[in-house]
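Asker: My questions will all concern the structure given below.
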Amino acid sequence: MAESLNILVICGSLRKGSYNAALARALPELAPPGVTFTTAPAYETMPLYNEDLQNASGFPPAAEAFAAAIRGADGVIIVSPEYNWTIPGALKNALDWVSRMKDQPFVNKPVAIQSCSQGPMGGSRMQYHLRQSLVYLKAFTFGVPEVIVSVAQNKFDKDMKLTDETTRKFVQQQLEGFAKFIARVRD
Ligand code: FNR
């Protein structure tokens, strides 16, 4: 692509040995030319959302920084595990905080979703729930190809490098499609 695009990557797992974080780290080598990636600011320091807290002291600095990073990006990729068939609580909490902002950062924002799971469903149920939240947030959510990495422990090597060729192709195809999608939907 001639145009350069900066994509913000939000990882839904907080643990060091995360497969989802490893997938996020693989994105630059699988992206078309001109696409660069920035890691989202930490969101796990945000307190649990409570409207009383918002009314008393406004938005926490971590929520402001998270929202500013989303606003400043050409697109967002959320790479997340599935917890109990849905969106991990810490990630959902971050979405809940920014959703209450006047300048809500996801409005008209192109967003793609990826997930890794150690189970056979690959985090797909989380993806469908996240899509629903993104509809309410007025994001433009990318459709297909989906990146759903099932049995992730067989797709990465011991150094957490994504080695599964089929998965690498899906990621490449999604990133190519997402770059075109961003160009198409932005003002
Ligand atoms: C899981 N896991 C899981 N897997 C899945 O396919 N469906 C699920 O609903 C859940 N639920 C779930 C809840 C909680 C609290 C944990 C900690 C784990 C397993 C999950 O796929 C596995 O731990 C992944 O490795 C998590 O992703 P990261 O941290 O490796 O990126």
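Asker: Using a/c under 1.5 as the rounded threshold, could you call the stretch 1-137 rounded, prolate or oblate? The axes a ≥ b ≥ c are square roots of the C-alpha gyration tensor eigenvalues, and prolate needs a/b larger than b/c, oblate otherwise.
Answerer: Verdict is oblate for the stretch 1-137.
Asker: Shifting gears a bit: Taking amide H atoms as placed 1.01 Å from N in the peptide plane, list the residues 5 or more away in sequence, or in a different chain, whose amide H sits under 5 Å from that of F37.
Answerer: Those lying under 5 Å, H to H, from F37 are I7.
Asker: Something else about it: What is the angle, in °, between the Cα long axis of helix 165-185 and the longest principal axis of the Cα atoms in the chain? Nearest 10 is fine, range 0 to 90.
Answerer: The two axes meet at around 50 degrees.
Asker: Moving on. Tell me the angle of helix 61-72 to the major Cα principal axis of the chain, expressed in degrees between 0 and 90 and rounded to the nearest ten.
Answerer: The two axes meet at around 60 degrees.
Asker: What's the FRET efficiency of K158 with T45 using the Cβ-Cβ distance as r and R₀ = 35 Å, to the nearest 0.05?
Answerer: Given R0 = 35 Å and the Cβ-Cβ separation, E is 0.65.
Asker: For the stretch 127-137, what does the Karplus curve 6.51 cos²θ - 1.76 cosθ + 1.60, with θ = phi - 60°, yield as ³J(HN,Hα) per residue in whole Hz, taken in order and with x for Gly and Pro?
Answerer: 4, 5, 5, 5, 4, 5, 4, 5, 5, 5, 7
Asker: What does the helix-only formula give at 222 nm for the chain: each DSSP H stretch with n ≥ 4 adding -39500 (n - 2.57), the total divided by the residues, and the result rounded to the nearest 500 deg cm²/dmol?
Answerer: Result for the chain, helices only: -13000 deg cm²/dmol.
Asker: Starting from the stretch 119-187, pick out the GluC sites (Glu not before Pro) whose DSSP state is loop and whose Cβ has at most 14 other Cβ atoms within 10 Å.
Answerer: Of the GluC sites (Glu not before Pro), not one in the loops of the stretch 119-187 has a Cβ with at most 14 other Cβ atoms within 10 Å.
Asker: Could you grab the relative contact order for the chain? Cα pairs under 8 Å, six or more apart, rounded to a whole percent.
Answerer: 24 percent
Laboratory data are not the source of any read-out in this text; all were calculated from the coordinates shown. A quick note: this is a predicted structure, and the numbers were derived from the prediction, not measured. A quick note on method: Cβ atoms are made from the backbone with ideal geometry, for glycine too, and the neighbour counts reach across all protein chains shown.
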